[in-house]
Amino acid sequence: MLSAAVDFSNVDWNEMGIATWDTVRMLFFSTLFTMIIGLPLGILLFMTSRSDSNGSRALYSVLSLIVNILRSVPFVILMISIIPFTKIVVGTSIGVIGSIPPLVIAAAPFFARLVETSLREVDRGVIEAATAMGASKGQIVGKVLLPESMPGLLAGITITTVTLVSYTAMSGLIGGGGLGDLAIRYGYQRYEPSVMIVSVIVLVVLVQLLQMLGDRLVLKFSKK
Amino acid sequence: MIRLNQLTKTYGNKHKQTTALQNLDLTITQGEIFGIIGHSGAGKSTLLRSINLLERPTSGEVWFGDTNITALSEKELQHVRRKMGMIFQHFNLLSSATVYDNIAFPLRLVRTPKEEIEQKVSNLLKLVGLEEHRNKYPAQLSGGQKQRVGIARALANDPQVLLCDEATSALDPQTTNSILRLLLDINKQLGITIVLITHEMHVIQTICDRVAVIHDGNIVEQGPVTEVFLKPEHRVTREFIREENENAELLDAIIESLPTNDHAQVVKINFLGTSTYEPILSVIVQTTGVSFAILQGTIATMKDTPYGQLIVRFEGSQEALERTYRMIESQVHELEVIR
C-alpha cells in the first residue's frame with residue numbers, strides 16, 4: 001500500500017549513507033562535548049546545592065538560573081539565535097561542525113540536571129561514612145559519588161544521546177547536515193516522501209541501538 | 001581521651017530553633033566501652049557525630065587527646081578523622097564496591113601501597129570472619145555480614161577509637177549478640193576505645209563499662225553500668241531498665257494483688273558479683289525461720305559482672321523479717337522493701 005504511493009527507486013542510497021555518517025559524527029562529537037561540559041557542571045550543581053556556605057549557595061542559584069534559561073528556550077530558537085556565537089567558535093554555522101555548538105549548548109544543561117539528580121540518589125549515609133573516614137571533597141566525588149551513581153549517569157548519557165538524535169535532525173533546518181537535513185530538503189521541500197521515510201527509519205534504528213547499548217551498560221554497573 | 005566541653009548544638013534559623021545539645025560535658029577514657037543511651041530525638045546521634053565533627057557544634061569544644069579538634073582546619077580534621085573509625089546503623093557501604101574494596105577504601109584514601117592493602121584487608125577479613133565473601137557485593141550479604149564489613153572498614157586505619165551509631169539496631173537479636181561479641185573482642189584485643197549510642201539497654205548491659213543516659217540534649221545520669229543499672233536515679237533511666245524487663249507490668253499486677261501486712265512483705269534483692277551464685281537466701285531463712293516465695297528472678301551478667309535480681313515475698317514475724325533483711329543486706333548489693 002505504502003509502496004504504491006511511495007516510490008523508493010529515487011532514493012539516492014549513496015547520499016543516504018553520507019547523511020547517516022554525518023549524523024553519527026554529529027552525535028558523537030556533540031555527546032562528547034556535552035559530557036565534558038555537563039558532567040562537571042552537574043557535579044558543581046550538586047556540591048553547591050548542599051553546601052553550608054553562603055557563597056556556594058549563591059553560586060548554585062546563579063548556575064541553576066543559567067541552566068533553567070538554556071533548558072527552557074526551544075532548541076530551534078536557541079540554534080538560530082546563537083549563529084553568530086557558533087561562527088566565532090568553530091568558524092561556520094552550517095554542516096556537521098556548525099551544528100555541534102548549538103547541540104552542546106542545548107544538551108549540556110539538560111545532562112547537568114540529570115547528573116545532579118543521579119548524584120542526589122547516592123545514599124547520604126555513604127557520603128557521611130566517607131567523610132568520617134577522612135575523605136576530602138575531591139575524593140568523595142571521585143571515589144564515592146561517581147562510582148555509586150554510575151548506573152544513573154549511564155542512563156542519563158543514554159537519554160541525552162537519544163535527545164541529541166532528535167536535535168541533530170532539527171538542526172537540518174539551518175543546514176546542519178545529516179539525516180534531518182536530508183529529510184527536510186528532499187522530503188519536505190521536494191515532495192519526495194520516500195527519502196523522508198527512509199531517513200526517519202534510519203533515525204529510529206539509531207535510537208533503538210543507542211537505547212539497547214545504554215540499557216546494557218546500566219545493567220552491567222548495577223550492583224544493588 | 002575524648003572530652004566534650006560545654007557542647008551546644010542548635011538547629012534552625014533565628015525564627016525557629018531547636019536545641020539538640022545543651023552545654024553538655026562528657027569525658028571518655030582510653031580503652032573503655034562507653035555507651036550513650038537515649039530515646040530518639042534525645043540528641044544522642046548529634047552527640048556521637050560531634051565527636052568526629054560530622055556535625056559541628058554551635059558552641060563548645062571537642063578534645064581528642066591533647067587536640068582541640070573544633071579549632072582545626074578542614075585538612076587537619078581529615079587527618080584526625082582517620083584515627084577514629086565509625087560504623088553505622090545502616091552500614092553505609094559502597095554498593096558499587098566489593099567487600100574487599102569497601103574495606104580497602106580508607107586505605108586507598110591515604111594512598112597505601114597495594115601489597116600493604118592486600119595484607120591488611122586479608123587480616124581484617126579474617127578478624128571479622130568474612131574471608132570467603134571478599135569478592136561479593138554488599139547487596140549479596142546479610143545485615144550482620146554487612147555490619148562486619150563496616151567494622152573491618154572502620155578498623156582499616158588502625159583507629160584509636162571506634163564510634164558506633166546504633167550499630168545493632170537494624171539487626172535481629174541473635175546477629176546483634178554476635179556483633180556485640182565482636183566489638184567486645186576488638187576492644188579487648190586491640191585496645192580500641194569504643195563509644196556507642198543505642199536505645200537498647202540490652203546493648204549497654206552486654207558490653208559497656210560506663211553508660212551515660214541522655215535526655216533532652218543533656219546527660220541526666222552517668223556512671224559504671226552496674227551502678228546505673230541497679231540503682232537508676234533518673235526517671236528516663238528507670239524507663240529504659242523497665243523496657244528491658246518484659247514482665248515488669250505483669251509483676252506489678254501480681255504484687256498489687258497479694259495481701260500484705262506486718263507479717264508478709266514483698267522485697268527486691270539485688271545481687272552483684274560472686275554473691276549472685278551463692279545460696280544466701282536459703283541459708284538465711286533457715287536461721288531466721290521466715291518462709292519465702294519467689295515472685296520473679298533474673299540472673300544475668302553485665303559485661304563480665306554477674307548480677308541477679310529477686311522479687312521475694314517473705315512471711316514471718318516482724319522481728320524475724322527485720323533480722324532476715326539485716327542479714328541479707330550484709331551479704332548482697334542491695335535490698336529494698338517494695339510493699
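The values are calculated or read from the model by the stated rules, or taken from the named source; none is laboratory data. Bear in mind the structure is a predicted one, so any value in this text is a computation, not a measurement. Positions of Cβ are generated from backbone atoms using ideal geometry, with glycine treated the same way; all protein chains shown enter the neighbour counts.
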Within region B:171-200, restricting to residues that are outside any helix (DSSP H, G or I) and polar (S, T, N, Q), the one that is farthest from B:LEU48 (Cα to Cα) is B:THR193
If B:VAL267 meets every condition in (1) loosely packed, with under 15 Cβ neighbours inside 10 Å; (2) of a type outside the set (Gly, Ala, Ser); (3) in contact with a Phe, Trp or Tyr (Cβ under 7 Å, 6 or more places away or on another chain) apart from one, which number is that one?
(1)
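Residue-wise test of (1) more than 30 Å from B:ILE194 (Cα to Cα); (2) of a type in the set (S, T, N, Q); (3) loosely packed, with under 13 Cβ neighbours inside 10 Å; (4) assigned by TED's automatic domain parsing to the domain that holds B:GLU32.
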{"site": "B:ASP209", "(1), (2), (3), (4)": "no, no, no, yes"}
{"site": "B:ASP252", "(1), (2), (3), (4)": "yes, no, yes, no"}
{"site": "B:PHE271", "(1), (2), (3), (4)": "no, no, no, no"}
{"site": "B:GLN309", "(1), (2), (3), (4)": "no, yes, no, no"}
Could you tell me how many of the residues in region A:77-121 are surrounded by fewer than 16 Cβ atoms within 10 Å (Cβ to Cβ) and on the phi > 0 side of the Ramachandran plot?
1
Out of all the residues in region A:99-121, which are more than 14 Å from chain B (Cβ to nearest Cβ) and either among the acidic types (Asp, Glu) or not in a helix (DSSP H, G or I) (or both)?
A:GLU116
Tally up the residues in region A:125-141 that are touching a helix residue (DSSP H, G or I) at 6+ places or on another chain (Cβ under 9 Å) and more than 7 Å from every other protein chain (Cβ to nearest Cβ), please.
5
Name every residue in region A:60-76 that is over 11 Å from A:ALA106 (Cα atoms) and surrounded by 14 or more Cβ atoms within 10 Å (Cβ to Cβ), in order of residue number.
A:TYR60, A:LEU63, A:SER64
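Evaluate region A:150-158: report whether one residue or more is more than 30 Å from B:LEU107 (Cα to Cα), of a type in the set (A, V, I, L, M, F, W, C) and more than 9 Å from chain B (Cβ to nearest Cβ). Give the derivation first.
Our first condition is that a residue be more than 30 Å from B:LEU107 (Cα to Cα); within region A:150-158, this holds for A:155-158.
Next, from what is left, pick out any that are of a type in the set (A, V, I, L, M, F, W, C): A:155, A:157.
Checking which are more than 9 Å from chain B (Cβ to nearest Cβ) leaves us with A:155, A:157.
Looking through region A:150-158, at least one residue is more than 30 Å from B:LEU107 (Cα to Cα), of a type in the set (A, V, I, L, M, F, W, C) and more than 9 Å from chain B (Cβ to nearest Cβ).
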Whichever residue in region B:152-170 is closer than 15 Å to B:TYR100 by Cβ and in a helix (DSSP H, G or I) and, among such residues, is nearest to the other protein chains (Cβ to nearest Cβ)
B:ARG153
Which numbered condition in (1) buried (at least 24 other Cβ atoms within 10 Å of the Cβ); (2) away from every other protein chain (no Cβ under 14 Å) is the only one that A:THR163 fails?
(1)
If we ask which residues in region B:77-89 are surrounded by fewer than 18 Cβ atoms within 10 Å (Cβ to Cβ) and facing chain A (nearest Cβ under 7 Å), their number turns out to be 1
How many residues are of a type in the set (Gly, Ala, Ser), surrounded by fewer than 16 Cβ atoms within 10 Å (Cβ to Cβ) and in contact with a helix residue (DSSP H, G or I) (Cβ under 9 Å, 6 or more places away or on another chain) if we restrict to region A:16-31?
0
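Condition check ((1) within 14 Å of another protein chain (Cβ to nearest Cβ); (2) surrounded by fewer than 21 Cβ atoms within 10 Å (Cβ to Cβ)) across all residues:
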| residue | (1), (2) |
| --- | --- |
| A:ASP123 | yes, yes |
| A:LYS143 | yes, yes |
| A:LEU179 | no, no |
| A:GLN189 | no, yes |
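Can you say whether A:PRO147 is part of a helix (DSSP H, G or I), in contact (Cβ under 8 Å) with a residue 12 or more places away in the chain and either closer than 23 Å to B:MET86 by Cβ or within 14 Å of another protein chain (Cβ to nearest Cβ) (or both), as far as the supplied structure shows? Working first, answer last.
Working: part of a helix (DSSP H, G or I): yes; in contact (Cβ under 8 Å) with a residue 12 or more places away in the chain: no; either closer than 23 Å to B:MET86 by Cβ or within 14 Å of another protein chain (Cβ to nearest Cβ) (or both): yes.
Spelling it out, it is not the case that A:PRO147 is part of a helix (DSSP H, G or I), in contact (Cβ under 8 Å) with a residue 12 or more places away in the chain and either closer than 23 Å to B:MET86 by Cβ or within 14 Å of another protein chain (Cβ to nearest Cβ) (or both).
Against the definition (surrounded by 14 or more Cβ atoms within 10 Å (Cβ to Cβ), of a type outside the set (D, E, K, R) and touching a residue at least 40 places away in the same chain (Cβ under 8 Å)), how does A:THR34 come out, yes or no? Can you show your working first?
Working: surrounded by 14 or more Cβ atoms within 10 Å (Cβ to Cβ): yes; of a type outside the set (D, E, K, R): yes; touching a residue at least 40 places away in the same chain (Cβ under 8 Å): yes.
So A:THR34 passes the test.
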Any chance B:GLN140 is surrounded by fewer than 18 Cβ atoms within 10 Å (Cβ to Cβ) and either under 31 Å from the mean Cα position of the chain (by Cα) or within 14 Å of chain A (Cβ to nearest Cβ) (or both)
yes
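Within region B:101-122, work out how many residues are more than 27 Å from the chain's Cα centre (by Cα) and part of a helix (DSSP H, G or I). I'd like the intermediate steps shown before the answer.
First, the residues of region B:101-122 that are more than 27 Å from the chain's Cα centre (by Cα): B:101, B:104-105, B:107-122.
From what is left, the residues that are part of a helix (DSSP H, G or I) are B:101, B:104-105, B:107-109, B:114-122.
Number of matching residues: 15.
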Scanning region A:203-224 for residues that are in contact (Cβ under 8 Å) with a residue 24 or more places away in the chain and more than 14 Å from chain B (Cβ to nearest Cβ), the one nearest to A:LEU154 (Cα to Cα) turns out to be A:GLY214
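Looking only at region B:29-43, filter to residues that are under 12 Å from the mean Cα position of the chain (by Cα) and within 21 Å of B:GLU61 (Cα to Cα); which one of those is surrounded by the fewest Cβ atoms within 10 Å (Cβ to Cβ)? Lay out the reasoning, then the answer.
We begin by selecting, within region B:29-43, every residue under 12 Å from the mean Cα position of the chain (by Cα); these are B:32-38.
Then keep just the ones that are within 21 Å of B:GLU61 (Cα to Cα); that gives B:34-36.
Details: B:PHE34: 24, B:GLY35: 28, B:ILE36: 26.
Here the residue is B:PHE34.
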Tell me whether region B:60-76 contains one or more residues that are under 25 Å from B:GLN22 (Cα atoms), touching a His at 6+ places or on another chain (Cβ under 9 Å) and within 14 Å of chain A (Cβ to nearest Cβ).
yes
May I ask you to list the residues in region B:128-137 that are closer than 23 Å to B:VAL195 by Cα and either within 14 Å of another protein chain (Cβ to nearest Cβ) or surrounded by fewer than 18 Cβ atoms within 10 Å (Cβ to Cβ) (or both)?
B:GLY129
Residues in region B:119-156 that are free of Cβ contacts under 8 Å to residues at least 12 places away in the same chain and among the basic types (Lys, Arg): how many?
1
When you scan region A:35-54, do you find a residue that is closer than 22 Å to A:GLU121 by Cα and among the charged types (D, E, K, R), even just one?
yes
Considering only helices (runs of 4 or more DSSP H) fully contained in region A:20-95, which possess at least 3 residues that are among the charged types (D, E, K, R)?
none
Can you tell me which condition B:LEU190 does not meet? The list is (1) surrounded by fewer than 22 Cβ atoms within 10 Å (Cβ to Cβ); (2) touching a Ser or Thr at 6+ places or on another chain (Cβ under 8 Å); (3) closer than 20 Å to B:GLY129 by Cα, and all the others hold.
(2)
